[in-house]
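The values are calculated or read from the model by the stated rules, or taken from the named source; none is laboratory data. Keep in mind that this is a model prediction, so the values were computed, not measured. Please note: Cβ atoms are built from the backbone with ideal geometry, for glycine as well, and neighbour counts cover all protein chains shown. The accessibility values were calculated without ligands, DNA or RNA, using every heavy atom of the protein model including side chains. Shrake-Rupley method; radii C 1.70, N 1.55, O 1.52, S 1.80 Å.
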Amino acid sequence: MNGKSFPDNVLIIGSGMGGLSTALILSQLGSKTTVIEKNLLAGGLMRGYIRDGIECPVGVHYLGSLDHGQVLRRLFDFLGVSPKIPVEKMGANGIIDQYIFEDFAFNLPEGLDAYEENLQNAFPKEHRQITAIINAIRRNGNKMHALDFLFSTQNYPSMLEEIKPVGALLTELNCSPGLRAVLGVPCCWIGVPMASCPVFYHNMVLATYLFSSWRLKCSGAELVNVFSERLRSLGGNIIKGDGVEKILVNSRVVEGVQLQSGAVLKSPVVIGAVHPKVVLNMLPDGAVKPSYQRLISKLKDTDGMFCVHSKVDALNRPEIPHNIFKIKTEKNGDIVELNYYQIRKSEQIGKNLLTILTSGKGEQWKQWEHTKSGRRGEGYIAKKENRAWRLIREAEDTIGPMPSATLVDVYTPLTTRDWVNSPGGSAYGILRSYEQLLEVSILNRTSVKGLFLSGQNIMAPGILGTILGSFATVKLIVGRDRFFKMFRRLELAQK
Ligand SMILES: Cc1cc2nc3c(=O)[nH]c(=O)nc-3n(C[C@H](O)[C@H](O)[C@H](O)COP(=O)(O)OP(=O)(O)OC[C@H]3O[C@@H](n4cnc5c(N)ncnc54)[C@H](O)[C@@H]3O)c2cc1C
């Protein structure tokens, strides 16, 4: 392969949404792709797991913009997976997300107009602020819809207003604590504190869910199967249960990878669809410039998550068609704690599954950080179960009593760390904060010819953000002009 010509043979490290979507794009363009996964099962975070006969979701609770012509739908269409992914639309009862604060509640509906109306009704004295905020969300949402990140020839975001942190903007606009709290929730979804979350980032994420929100009507494992089978049909393959130990580099040119089994696979293009720090650890000394090594090593990551899956009586606690967020704030409206609740049908008759997600509070698990999954002992189990029960009892204040609740499973950031190799168990990878904006924009400049990165760290986390990152990486591999020609139909599909 010369600089920007098309690669015949590509190795991709990691079979999460990042690895699989990158493989699908390149396979469609004619590359022979091999995805290498350290776990026995493919899928990374998008895959759930089964306990007690119940499917417990991990990294896909809901998806935005899946209606015909909307951005995620167009990407799924392009990847050739849309018809096989069963989804159901949220918001039929007028609510996608319900935010429960200590002294008021706010419903996030479908549609920007409806959202604006709800904001104007909840904060009638802040008409000016709300109009300014909604205009910016509309502008950024349209850019997302037009896939501006991939197709614009200008640097994005170009306006200083859009880079500044949400917290600073709301202070300038003199927003009330209530409005500030409501607008802070999308920052939490992507794990970036409001004080450092860039405005465009907040707005794009919020807009994609406002356009339309969806739940999977299948398990995470089935979702992974759809992607894996599509890849197989295009001639790609997935090696499972044999992770990459080393990336082979000679004179700053990539040559292939060495697996944990010792097997060596050769290729002029290797894509690390794993955390950039993991890629760094697989490279030989001196493979990348010291400046790049320093840049990656000191990047801050998003926090890990603590998750409780609990079985509840379906008659007493029926399925809730929207998400619930229970939120504690400072006096000024800044969010200090957020618990996410979802109640969905389970595979067991008469039982529903309550999922609670909250911050992993890293320090709590530090004493077990050098132990392996399944070998952390009684103290660890007791600690996580105690916290789980506290969270379930707290959820009762919002959802109602759950006297017959039982624990199905509880996981901590250490579980996430061990499952997908995410540093410190970080949920959304590198923190895309205002302070790190420049650094995260140059992650793919590895200075090793033929070595690229993809996955949630490239553009944004979430299923949509991760797939967009895959397209951005392919653009880098094939060159901008070629990419524009190849993917014009994707851009045009919105019209
Ligand atoms: C608790 C939680 C809830 C979430 N909820 C949502 C949601 O509701 N909606 C949404 O859109 N997004 C959600 N997300 C985010 C979304 O799941 C992720 O952004 C996305 O799945 C990341 O995909 P990825 O491919 O970048 O990473 P991963 O899924 O982490 O994939 C990386 C893969 O690489 C493998 N790997 C690591 N090291 C090696 C190695 N040396 N050799 C071979 N393989 C290796 C790992 O095992 C893993 O399979 C959630 C995330 C979390 C943690």
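A few notes on this one:
- Cα gyration tensor, the range 25-91 - rounded (a/c under 1.5), prolate or oblate: oblate
- Across the chain, Cα pairs under 8 Å and at least six residues apart give a relative contact order of 23 percent.
- Y428 accessible area, 1.4 Å probe, all protein chains in place, Å² to nearest 10: 60
- Antiparallel DSSP beta bridges within the range 1-146, percent to nearest 5: 60
- Annotation: amide H of R51 within the under-5 Å range of C56, sequence separation 5 or more or interchain, hydrogens built in the peptide plane.
- Portion, in percent, of the accessible area of the chain that falls on carbon or sulfur, probe 1.4 Å: 52
- Annotation: cysteines of the chain without a disulfide-compatible partner (Cβ-Cβ under 4.7 angstrom) are C56, C175, C188, C218, C307.
- Charge sum, other residues only, whose C-beta stays under 9 Å from L216's C-beta, Lys/Arg counted +1 and Asp/Glu -1: 0
- Cα-based reach from K84 at 17 Å (exclusive), listing aspartates and glutamates while leaving out same-chain residues under 8 positions away: D67, E222, E229
- Neighbourhood net charge (11 Å Cβ-Cβ; Lys/Arg +1, Asp/Glu -1) for I239: 0
- Remark: for residue pairs K240/K372; K266/K289; K32/K345, the C-alpha separation exceeds 28 Å in K32/K345.
- Extreme residue, positive dipole direction of the chain, given options G400, G178, Y209 (C-beta unit charges): Y209
- Converting phi to 3J(HN,Hα) with the Karplus coefficients 6.51, -1.76 and 1.60 and the offset θ = phi - 60°, the range 432-442 yields 8, 8, 3, 5, 10, 4, 5, 4, 5, 7, 10 Hz in sequence order, with x at every glycine or proline.
- Amide proton proximity set for I13, modelled H, under 5 Å, gap of 5+: I36, I271, G272, A273
- Distant-in-sequence amide H partners of G256 (H built 1.01 Å from N, under 5 Å): L248, S267
- For the chain, calculated [θ]222 nm from helices alone, where every DSSP H run of n ≥ 4 adds -39500 (n - 2.57): -11500 deg cm²/dmol
- Spatially proximal aspartates and glutamates relative to K351 (Cα-Cα < 13 Å; intrachain offsets below 8 disregarded): D52, E55, D313, E319
- Lysines whose Cα lies under 29 Å from that of K366, excluding same-chain neighbours fewer than 8 positions away: K38, K246, K277, K298, K300, K311, K326, K328, K383, K384
- Listed values for the range 10-16 are Karplus-derived 3J(HN,Hα) couplings in whole Hz (6.51 cos²θ - 1.76 cosθ + 1.60, θ = phi - 60°), namely 10, 9, 10, 8, x, 10, x, and x replaces Gly and Pro.
- Neighbours of Y380 by Cβ distance under 15 Å: Lys/Arg scored +1, Asp/Glu scored -1, total +3.
- Heavy-atom surface of the chain, accessible at 1.4 Å and reported per residue (Å²): 42
- For the chain, share of DSSP beta bridges that run antiparallel, in % to the nearest 5: 70
- Within the range 272-323: Cβ-based charge dipole about Cα centre, in debye rounded to nearest 20 (Lys, Arg +1; Asp, Glu -1): 280
- ³J(HN,Hα) computed for each position of the range 345-359 - Karplus, 6.51 cos²θ - 1.76 cosθ + 1.60, integer Hz, glycine/proline x: 4, 10, 6, 8, 4, x, 10, 10, 10, 8, 10, 10, 10, 8, 4
- When R215, R445 are compared by accessible area of protein heavy atoms, the largest-first order is R445, R215, using a 1.4 Å probe.
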